[in-house]
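Pasting a structure below so you can have a look.
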Amino acid sequence: MNIQASTRSFRETDAPVLVVAVFKDEKADGGILQELDNLTGGVVASVIDGEELKGKDGETAFLHLAPNENLKANRLLLVGVGDKAEYNAQKVGQLAGTAARFCRSKSIKSFSLVPRFEGDATEVAQIAATGAILSLFELDKYRTKDKEERTIDGFTLVIENGDEKAIKKGLERGQIIADSMNFTRDLSNEPGNYLPPAEMADRAQKMAGEVGLKCQVLEEADCEKLGMGSFLSVGAGSEQPSKFIILRYEPANRKASNKDLVALVGKGITFDTGGISLKPGENMDAMKYDMTGGGTVMGAMRAIALLKPSVPVLGIIAAAENMPDGKATKPGDIVTAMNGKTIEVLNTDAEGRLVLADAVAYAAKEGATHIVDMATLTGAVIIALGDVHTAILGTDQEWVDEIINSGKEMGERFWQLPLDKEYFELIKSPIADIKNIGTGRKAGTIVGAAFIAEFAGETKWAHLDIAGTAWHDDAKPYRSKGPSGVAIRTLVNLVEKRSNS
Ligand code: BES
Ligand code: ZN
Ligand code: ZN
């Protein structure tokens, strides 16, 4: 998408459609709305006074205008953005998304956007670019008819008298982040037969080549040598070989004083049948998204490689397919992870923690000082937090807070769950070091996290359970339903802030 900055008046922008934000209950009796009302012969006031548009979030009114030498655009799209007091950068993203989707639905290929937001120009531009690009993502890749073939060529962000350099910087950053999120969303949406672990590894390798990351793929035999019995137990019942994917970002401009190594670690279960502890048939198809933690690592690493922060980042994706078969791991089997801990596998459907055990242990062994893992780990988190907040848990409060605060800046919400030592009692096994499920149905999300914590050693560690937030079941005016790309922005911001501090 070609995104331009304009610091001139909205009157001069010559895109086919001028898009303007309208606040809740705002009248056309002042500012830009009054100006537009004057230029359009009273049409804006009549739409608002007639209550065709009340300025509620996502509401739209589309007006064709009579030619006017003082206004170059000949169509006007008014988009409600809700309460003025609550207007923020995230709302600008939704505004841009609503505008892009609306214009596409009318076969209009470009627009100019007047966000009416008085924040930091780079921040506004970044979120506007991200919002527009994300909004156009669709789930119809495998349809041969009734596909959304229309596209938006680009848009112009209009910030009158704004700092053009600052706006352009934001637009560029926003495009990198959104393209990386769409990269991840595309992976999440891939069905299991199109994206087995080997394909995930191929895509990681291809992406790494394009953006300048190092990529190494460990085969099952390599993992065996490293003692990754926990990881390998998950793919044992699958015809598809497991792949342990390692991405490395090494900055050219590394600060010698900074010895930290952040590791992003993701659950990459390309399909989760539950294994011998087979899941019920209903909605099992949703488990194609069970690799989203790994996909999120890939998307975040892509953006990081392009934004070039001055700190190194390690990315790890533990990719496997969880299937029942004669060779599959059985309930009661005992496996040994690479850190030597023995695990009683009481439920083969609690497989995410098994692959993360070795992935987190590997990151710690590689010298990571800070680990954050992400996974569609538990159904329990969907019951607890829905698709609004991502659950976060960790062993180091400063590290957890750093992630939560990074999320706040990017408009992503995290809710911390506790990880007291009592929860670790629930994963004690009578016959091995730990078991992979809790006792009864208690504290499902916390138990999953406690299990993974056992493999982080002394390294600062946090865990994101994205099972609820990685997929939206409903469409909004600014996005399709489906994979969300959650956490990528937060992780990229997290790394960049470390680079700048
Ligand atoms: N991938 C699932 C988690 C999941 C379940 C995500 C439903 C979205 C919707 C995970 O591997 C799993 O099956 N977890 C079990 C754990 C249980 C056996 C302790 C779960 O949440 O039921
Ligand atoms: Zn499972
Ligand atoms: Zn799973």
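Look through the stretch 369-385, keep the residues that are closer than 30 Å to Arg248 by Cβ and touching a Phe, Trp or Tyr at 6+ places or on another chain (Cβ under 9 Å), and return whichever of them is surrounded by the fewest Cβ atoms within 10 Å (Cβ to Cβ).
Selected residue: His370.
Another question, if that's okay. With the checklist (1) more than 12 Å from ligand 2 (Cβ to nearest atom); (2) over 9 Å from Ser230 (Cα atoms); (3) surrounded by fewer than 24 Cβ atoms within 10 Å (Cβ to Cβ); (4) of a type outside the set (Val, Ile, Thr) in hand, flag the one item Ala319 doesn't pass.
(3)
Identify all residues within the stretch 212-254 that are over 14 Å from Val355 (Cα atoms), charged (D, E, K, R) and touching a strand residue (DSSP E or B) at 6+ places or on another chain (Cβ under 6 Å); write none if there are none.
Lys214, Arg248
Within the stretch 350-359, track down each residue that is of a type in the set (D, E, K, R), within 11 Å of ligand 1 (Cβ to nearest atom) and farther than 12 Å from Gly235 by Cα. Break it down stepwise before answering.
Within the stretch 350-359, the first condition is being of a type in the set (D, E, K, R), and the residues that meet it are 351, 353, 358.
Filter once more, so that each one left must be within 11 Å of ligand 1 (Cβ to nearest atom): 351, 353.
Listed by number, the list holds a single entry, Arg353.
Within the stretch 279-288, how many residues turn out to be under 17 Å from Asp325 (Cα atoms) and within 13 Å of ligand 3 (Cβ to nearest atom)?
Qualifying residue count, the stretch 279-288: 1.
Being more than 26 Å from the chain's Cα centre (by Cα), of a type in the set (A, V, I, L, M, F, W, C) and not in a loop (DSSP other than H, G, I, E, B) is the requirement here; does Leu232 meet it? Before the answer, list the steps.
Numbers: more than 26 Å from the chain's Cα centre (by Cα): yes; of a type in the set (A, V, I, L, M, F, W, C): yes; not in a loop (DSSP other than H, G, I, E, B): yes.
Spelling it out, Leu232 is indeed more than 26 Å from the chain's Cα centre (by Cα), of a type in the set (A, V, I, L, M, F, W, C) and not in a loop (DSSP other than H, G, I, E, B).
Kindly indicate whether any position in the stretch 106-122 is in a loop (DSSP other than H, G, I, E, B), within 16 Å of Ala15 (Cβ to Cβ) and charged (D, E, K, R). Write out each step before concluding.
If we filter the stretch 106-122 for residues that are in a loop (DSSP other than H, G, I, E, B), which is where we start, we get 106-109, 115-120.
From the residues that got through so far, the ones that are within 16 Å of Ala15 (Cβ to Cβ) too are 106-109, 115.
In the following step, the residues that additionally are charged (D, E, K, R) were identified as 106, 109.
Looking through the stretch 106-122, at least one residue is in a loop (DSSP other than H, G, I, E, B), within 16 Å of Ala15 (Cβ to Cβ) and charged (D, E, K, R).
Please determine, by comparing only the residues of the stretch 121-138 that are β-branched (Val, Ile, Thr) and over 18 Å from the mean Cα position of the chain (by Cα), which one is surrounded by the fewest Cβ atoms within 10 Å (Cβ to Cβ).
Here is the first cut: in the stretch 121-138, the ones β-branched (Val, Ile, Thr) are 122, 124, 127, 130, 133.
From what's left, over 18 Å from the mean Cα position of the chain (by Cα): 122, 124.
On the way: Thr122: 19, Val124: 26.
Step by step, filter the stretch 121-138, then rank; the result is Thr122.
Could I ask something else about it? Give just the number: which of (1) of a type outside the set (D, E, K, R); (2) crowded, with 24+ Cβ neighbours inside 10 Å; (3) within 13 Å of ligand 1 (Cβ to nearest atom) does Pro331 not satisfy?
The single condition Pro331 does not satisfy is (2).
Provide a single number: the residues in the stretch 445-501 that are acidic (Asp, Glu), in contact with a Lys or Arg (Cβ under 9 Å, 6 or more places away or on another chain) and part of a strand (DSSP E or B).
0
Follow-up. How many of the residues making up the stretch 266-310 are within 16 Å of ligand 1 (Cβ to nearest atom) and under 15 Å from the mean Cα position of the chain (by Cα)? Even if it seems obvious, please write down each step before you answer.
We begin by selecting, within the stretch 266-310, every residue within 16 Å of ligand 1 (Cβ to nearest atom); these are 266-296.
Still in the list and also under 15 Å from the mean Cα position of the chain (by Cα): 266-268, 289-296.
Qualifying residue count, the stretch 266-310: 11.
Considering only residues that are closer than 12 Å to Thr390 by Cβ and away from ligand 2 (no atom under 15 Å from the Cβ), which ones fall in the stretch 445-467?
So the first thing to find is which residues in the stretch 445-467 are closer than 12 Å to Thr390 by Cβ, and the list is 445, 462-467.
Matches in the stretch 445-467: Ala462, His463, Leu464.
Scan the stretch 443-486 for residues that are over 15 Å from Gly352 (Cβ atoms) and aliphatic (A, V, I, L, M) and report the count.
Total meeting the criteria: 5.
Here's a check for you: in the stretch 66-105, which residue that is among the hydroxyl-bearing types (Ser, Thr, Tyr) and assigned to a helix (DSSP H, G or I) is nearest to Gly162 (Cα to Cα)? Even if it seems obvious, please write down each step before you answer.
Quick first cut of the stretch 66-105, residues among the hydroxyl-bearing types (Ser, Thr, Tyr) only: 87, 98, 105.
Applying the additional criterion that residues be assigned to a helix (DSSP H, G or I) yields 98, 105.
Details: Thr98: 23, Ser105: 30 Å.
Going through the qualifying residues, I end up with Thr98.
Between a first residue in the stretch 284-297 that is in contact (Cβ under 8 Å) with a residue 60 or more places away in the chain and more than 21 Å from Gly315 (Cβ to Cβ) and a second residue that is in a helix (DSSP H, G or I) and more than 8 Å from ligand 1 (Cβ to nearest atom), which pairs have beta carbons less than 8 Å apart while being 6 or more apart in sequence or on different chains?
Lys288/Ser188; Lys288/Asn189
Let me ask you something else. Considering the stretch 260-276 alone, what residues qualify as being surrounded by fewer than 24 Cβ atoms within 10 Å (Cβ to Cβ), among the small types (Gly, Ala, Ser) and more than 8 Å from ligand 2 (Cβ to nearest atom)?
Within the stretch 260-276, none qualify.
Hey, another quick one. Just name the residue that is farthest from Ile167 (Cα to Cα) out of those in the stretch 1-41 that are of a type in the set (Gly, Ala, Ser) and modelled with pLDDT under 95.
Step one: filter the stretch 1-41 for residues of a type in the set (Gly, Ala, Ser), giving 5-6, 9, 15, 21, 28, 30-31, 41.
From the residues that got through so far, the ones that are modelled with pLDDT under 95 too are 15, 30-31, 41.
Numbers: Ala15: 18, Gly30: 26, Gly31: 23, Gly41: 32 Å.
Applying the filter and picking the extreme gives Gly41.
Now a separate question. Just checking, does the stretch 251-274 include any residue being within 12 Å of ligand 3 (Cβ to nearest atom), over 19 Å from Ala470 (Cβ atoms) and outside any helix (DSSP H, G or I)?
Within the stretch 251-274, not a single residue is within 12 Å of ligand 3 (Cβ to nearest atom), over 19 Å from Ala470 (Cβ atoms) and outside any helix (DSSP H, G or I).
Mind listing just one residue for me: the one in the stretch 347-366 that is more than 16 Å from ligand 3 (Cβ to nearest atom) and out of contact with any Ser or Thr (no Cβ under 9 Å at 6 or more places or on another chain) and, of those, nearest to Phe271 (Cα to Cα)?
Ranking the candidates gives Tyr362 first.
The values are calculated or read from the model by the stated rules, or taken from the named source; none is laboratory data. Predicted model, so just to flag it, every value in this text is computed and none were measured. Here Cβ is always computed from backbone atoms with ideal geometry, including for glycine, and neighbour counts include all displayed protein chains.
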